[in-house]
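Asker: Below: one structure in structure tokens.
The values are calculated or read from the model by the stated rules, or taken from the named source; none is laboratory data. Since this is a predicted model, take the numbers as computed values, not measurements. A quick note on method: Cβ atoms are made from the backbone with ideal geometry, for glycine too, and the neighbour counts reach across all protein chains shown. Just so you know, the surface numbers come from the protein's heavy atoms only, side chains and all, with ligands and any DNA or RNA stripped out. Shrake-Rupley method; radii C 1.70, N 1.55, O 1.52, S 1.80 Å.
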Amino acid sequence: MIACLVIPGFELRAALVERPRLQLEPAALAPEPGTEALLGPVTAAAEAAGVQPGMRLGEALATCPSLQLVDPDPAAAEVAWEGIVRRLEDAGFAVDAAAPGCAYFETRGVERLYGGLEPALKRALKAAGTGWDARVGAATRRFAALAAANVARAGQALVVSDERTREFLAPLPVALLPMDARRREELEELGVKRLGELAGLPGGAVAERLGPDGRRAWSLASGGSKRRVRGRRPAAELFETLEFPEAVGNELTLRRSLAVLLDRLLARPERGGRSLRKLALAGRLVGGGSWRRTVTLRDATADPARLRAALGPKLLELPAPVVMLRLEALVLAESAGRQLELVRPEGDELRAHLREGLRQVRAGTGSGSVCTVVEVAPWSRLPEQRALLVPRDE
């Protein structure tokens, strides 16, 4: 059987760990800075007052003036979710973490260990820990397990047999389908509001109207595939943290701090000389909450210049000054070797000489002495506004 563990509103629950009083009051996860003003998950008290997830901020405050907004804390959510996943893995489950608050695993390998399917599912609920209101669904199909977990009550394990899969899915809303919101609204405008109604339509007609997303949604509404769950690879436990005596928002200081964190991370002996494939940059904001961005490199590398070039632009997305900066190596390359080129591309040697010359000039005159001309307003009548000089990091 394929099982799915779901924790509704996980991001909000993680942000309220240090503020448990708000869990009993009308509260909602505030939208991230720079994004559309739509609410995230809400508490039960807020939902009882008429506030729904995805509601616009102004409408929600008009509906419930006492609504309290909670700043997102993605770093805390990531740490809490990693702890839950590791406890599941310690219990013997091979976990595929689809997203924070949703994980899939198979029970076939551990049913004999715990004495059956239901004891294994109860062990998974126990591994998730108390205070999260986790629920588990199990079925022979992945989407059916997800639907069962969303229907189950907090602390309950709901099992759906293969014979009852279509009957179980039929009355459920199409909101469970992982598809674009506009496509879902289009389905509802056409009068298709239940999974059974969607599964009863011809698959070809749905694909012609909604495209590949509609075809996939129609397949899921019919039960979905029976593909197996593959457990994740163990995460690399490599990270470096830099705390500041006061809040820092200056870009130059942040870039230098990032360079220090990179040097420390690359010097860790646990890395074993392997290149970095995926990294995460996180920070603790001065006003509360946190910020986190992940970067997946096309080619794994341990070159500090390339890593700075990939991570540096993420610092511009910081919504506020930070009091702590953290760099994590999430995925490492499997080997430390590198395939050399048989024939060097034309001009590669010249570019290497130019880079070395730029490094020598920068070392003798300072880091901001080598700049690149970037055209920003070619239509301007003032020559000084047509281009900017931007310092080169390479």
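Asker: In segment 378-394, what count of residues is obtained for those that are modelled with pLDDT of 75 or more, within 21 Å of residue 312 (Cα to Cα) and out of contact with any strand residue (DSSP E or B) (no Cβ under 7 Å at 6 or more places or on another chain)?
Answerer: Count: 0.
Quick grid of which residues meet (1) under 20 Å from residue 200 (Cα atoms); (2) part of a loop (DSSP other than H, G, I, E, B); (3) among the aromatic types (Phe, Trp, Tyr):
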residue: 122; (1), (2), (3): no, no, no
residue: 127; (1), (2), (3): no, no, no
residue: 132; (1), (2), (3): no, yes, yes
residue: 137; (1), (2), (3): no, no, no
residue: 153; (1), (2), (3): no, yes, no
residue: 171; (1), (2), (3): yes, yes, no
residue: 175; (1), (2), (3): yes, no, no
residue: 184; (1), (2), (3): yes, no, no
residue: 187; (1), (2), (3): yes, no, no
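Asker: Something else about it: Does residue 281 satisfy the criteria of being surrounded by 13 or more Cβ atoms within 10 Å (Cβ to Cβ), under 21 Å from residue 73 (Cβ atoms) and modelled with pLDDT of 85 or more? Give the steps one after another, and end with the answer.
Answerer: Numbers: surrounded by 13 or more Cβ atoms within 10 Å (Cβ to Cβ): yes; under 21 Å from residue 73 (Cβ atoms): yes; modelled with pLDDT of 85 or more: yes.
Against the criterion (surrounded by 13 or more Cβ atoms within 10 Å (Cβ to Cβ), under 21 Å from residue 73 (Cβ atoms) and modelled with pLDDT of 85 or more), residue 281 qualifies.
Asker: Could you tell me which residue of segment 353-372 is modelled with the highest pLDDT, considering only residues that are part of a helix (DSSP H, G or I) and among the aliphatic types (A, V, I, L, M)? Give the derivation first.
Answerer: So the first thing to find is which residues in segment 353-372 are part of a helix (DSSP H, G or I), and the list is 353-365.
Cutting the leftovers down to among the aliphatic types (A, V, I, L, M) gives us 354, 358, 361, 363.
Working: 354: 80, 358: 76, 361: 72, 363: 63.
That would be 354.
Asker: State which residue is nearest to residue 12 (Cα to Cα) when the search covers only segment 118-133 and only residues that are open to solvent by 10 Å² or more (accessible area, probe 1.4 Å) and small (Gly, Ala, Ser).
Answerer: Ranking the candidates gives 131 first.
Asker: Among 116, 137, which is the only one that is at pLDDT 85 or above and closer than 25 Å to residue 196 by Cα? Lay out the reasoning, then the answer.
Answerer: On the way: 116 fails: closer than 25 Å to residue 196 by Cα.
Going through 116, 137 in turn, the sole match is 137.
Asker: Residue check: is residue 287 surrounded by fewer than 17 Cβ atoms within 10 Å (Cβ to Cβ) and closer than 21 Å to residue 75 by Cα? Steps first, answer last, please.
Answerer: Values: surrounded by fewer than 17 Cβ atoms within 10 Å (Cβ to Cβ): yes; closer than 21 Å to residue 75 by Cα: yes.
Yes; evaluated as a whole, the condition is true for this residue.
Asker: Within segment 158-180, which residues are open to solvent by less than 40 Å² (accessible area, probe 1.4 Å) and either at pLDDT below 80 or under 28 Å from the mean Cα position of the chain (by Cα) (or both)?
Answerer: 169, 172, 174, 177, 179
Asker: Within segment 123-146, is there a residue that is under 21 Å from residue 232 (Cβ atoms), of a type in the set (Lys, Arg) and over 28 Å from the mean Cα position of the chain (by Cα)?
Answerer: Within segment 123-146, none of the residues are under 21 Å from residue 232 (Cβ atoms), of a type in the set (Lys, Arg) and over 28 Å from the mean Cα position of the chain (by Cα).
Asker: What is the one condition in (1) in a helix (DSSP H, G or I); (2) surrounded by fewer than 15 Cβ atoms within 10 Å (Cβ to Cβ) that residue 217 does not satisfy?
Answerer: (2)
Asker: Could you tell me which of the residues 328, 375 is out of contact with any Gly (no Cβ under 9 Å at 6 or more places or on another chain), open to solvent by less than 80 Å² (accessible area, probe 1.4 Å) and modelled with pLDDT of 75 or more?
Answerer: Working: 375 fails: open to solvent by less than 80 Å² (accessible area, probe 1.4 Å).
Within the list 328, 375, the selection yields 328.
Asker: Does residue 109 fit the bill of being closer than 13 Å to residue 2 by Cα and without any contact (Cβ under 8 Å) to a residue 24 or more places away in the chain?
Answerer: Values: closer than 13 Å to residue 2 by Cα: yes; without any contact (Cβ under 8 Å) to a residue 24 or more places away in the chain: yes.
For residue 109, the condition - closer than 13 Å to residue 2 by Cα and without any contact (Cβ under 8 Å) to a residue 24 or more places away in the chain - is met.
Asker: Could you figure out which of (1) in contact with a helix residue (DSSP H, G or I) (Cβ under 8 Å, 6 or more places away or on another chain); (2) at pLDDT 80 or above; (3) surrounded by 21 or more Cβ atoms within 10 Å (Cβ to Cβ) isn't true of residue 149?
Answerer: Result: residue 149 passes all but (1).
Asker: Tell me which of these residue 93 doesn't satisfy, since it passes every other one: (1) under 25 Å from residue 280 (Cα atoms); (2) part of a loop (DSSP other than H, G, I, E, B); (3) open to solvent by less than 10 Å² (accessible area, probe 1.4 Å).
Answerer: (1)
Asker: When you scan segment 42-68, how many residues do you find that are surrounded by fewer than 16 Cβ atoms within 10 Å (Cβ to Cβ), more than 25 Å from the chain's Cα centre (by Cα) and more than 16 Å from residue 12 (Cβ to Cβ)?
Answerer: Residues flagged as surrounded by fewer than 16 Cβ atoms within 10 Å (Cβ to Cβ), more than 25 Å from the chain's Cα centre (by Cα) and more than 16 Å from residue 12 (Cβ to Cβ) within segment 42-68 amount to 7.
Asker: Output the number of the condition that residue 39 fails; it satisfies all remaining conditions of (1) within 21 Å of the chain's Cα centre (by Cα); (2) open to solvent by 20 Å² or more (accessible area, probe 1.4 Å).
Answerer: Residue 39 satisfies every listed condition except (2).
Asker: Here's a follow-up. Enumerate the pairs (first residue in segment 373-394 and more than 30 Å from residue 307 (Cβ to Cβ); second residue anywhere and of a type in the set (D, E, K, R) and at pLDDT 75 or above) with beta-carbon separation below 7 Å, excluding pairs fewer than 6 apart on the same chain, so at least 6 apart or on different chains.
Answerer: Every condition considered, the pairs that remain are 377/386; 378/386; 380/386; 386/375.
Asker: Additional query: Test each condition in (1) closer than 30 Å to residue 11 by Cβ; (2) modelled with pLDDT of 80 or more; (3) exposed (fewer than 14 other Cβ atoms within 10 Å of the Cβ) for residue 273 and report the one that comes out false.
Answerer: It fails just one condition, (1).
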